[in-house]
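Here's the structure we're looking at; comments come further down.
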Amino acid sequence: MMVTKAISVTESLPSGVRLAVISRCSHSSRSEDSDYVAEEAAVALVYNGISYAVMMATPQQLEAFGLGFSISEGLIDSVADLYDISVQHHDTGYEIRMTVASRCETLIKQSRRRMAGRTGCGICGQQALALATPEAYAATASLKPLPNLAALQRAIIKLDENAPLRALTGALHGVAWCDNNGDIKYFCEDIGRHNALDKVIGLVAKQGQNPAQGFVVLSSRASYEMVVKSMRIGFTTVVAVSAATALAIDLARQANINLLGFVRRGQHVVYHGLSNVEESDE
């Protein structure tokens, strides 16, 4: 077996990516090389000095992650409840320190959970099985029109084109919030799909955008916690590259959220929402 070496570590790396020495193997040869790998770090979320959770995440856009997580988990109602946020880097990981309104602190203490979460897990470490299923959501508004086909197609193409870390590593999820034309306004990547969504939620909230004036696109499946997080910020349409789960569909119907899946070039599945075939301008 022939062994060759072709290792280059001179280039600068983007945040969230490392360079690892690897061996590329085939039937008759092995070559030593280097390749891009996604960083995975422990990120502790601390509220008013209270350690609430530890998540495994890609260590970038962590302030957006902290804000988005706080909203999507129902710990604060809006960005106005978050008085201060800072990120501390330690040898063992990162700490997002947040100061929130006192009424929010009471809720945080009641729902407090200590955990070493799996990558982006939405329910790991819950103290009771009942907490794994969210409360019932009553529809508070009528169903919004679906994005037209041209907007969906534009969004899915842009999602592929605007995922630099996934292109480098093959290990990250991407989430985008698009306007009604399908143009990406905010995009985040993370090893955890929940984390990527939380980061987008944080950016939308921080910038004071109306969450209903657009739609969210997931590079992953649409599970129930992805729908719950979307509902809590006020997204009215969730679009997934992969499938939706049964509970996600139930929740979307319960709360009048548009839910689409298997979005590909030229086709998609509507799990909840009106058909938009007649709206196509293509």
Going by how many other Cβ atoms sit within 10 Å of their own, how do LEU107, LEU260, LEU203 line up, fewest first? LEU107, LEU203, LEU260
Among ASP84, ASP160, which comes first, second and so on when ranked by fewest other beta-carbon atoms within 10 Å? ASP84, ASP160
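With r defined as the distance between the Cβ atoms of ARG221 and SER28 and R0 fixed at 41 Å, what FRET efficiency is calculated, to the nearest 0.05?
On the way: r = 38 Å, r/R0 = 0.94.
After rounding to 0.05, the efficiency reads 0.60.
Mind ranking 192-201, 234-243 by how tightly packed they are, going by the mean number of other C-beta atoms within 10 angstrom, highest first? The partial results should precede the final answer.
Working: 192-201: 28.8, 234-243: 21.8.
Output ranking for 192-201, 234-243: 192-201, 234-243.
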Tell me, what ³J(HN,Hα) does each residue in the stretch 23-33 have, in order and in whole Hz, if you take phi through Karplus 6.51 cos²θ - 1.76 cosθ + 1.60 with θ = phi - 60° and put x for Gly and Pro? 10, 9, 10, 10, 4, 10, 8, 9, 10, 7, 8
Taking θ as phi - 60°, what are the ³J(HN,Hα) couplings along the stretch 175-192 by the Karplus curve (6.51, -1.76, 1.60), each to the nearest whole Hz, with x for Gly and Pro? 9, 10, 10, 10, 7, 5, 8, x, 8, 6, 9, 9, 9, 9, 10, 6, 5, x
Alpha-carbon gyration tensor eigenvalues x 5, square-rooted, for the stretch 20-121, Å: 37, 12, 11
Any idea what the relative contact order of the stretch 164-282 is, in percent, if you count C-alpha pairs under 8 Å spaced at least 6 apart? 18
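Based on the Cα coordinates of the stretch 149-279, what is the per residue volume of their convex hull in Å³? Working shown, then result.
Numbers: hull volume 11.8 nm³, N = 131.
Cα convex hull per residue, to the nearest whole number: 90 Å³.
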Please list, in chain and number order, the residues 5+ apart from LEU274 or on another chain whose amide H is under 5 Å from its amide H, with Hs placed from the backbone. LEU146
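Quick note: the coordinates plus some simple rules give every number you see, no bench work behind them. The structure displayed is predicted, hence computed values, not measured ones. Cβ coordinates were reconstructed from backbone atoms using ideal geometry, including for glycine residues, and neighbour counts include every protein chain displayed.
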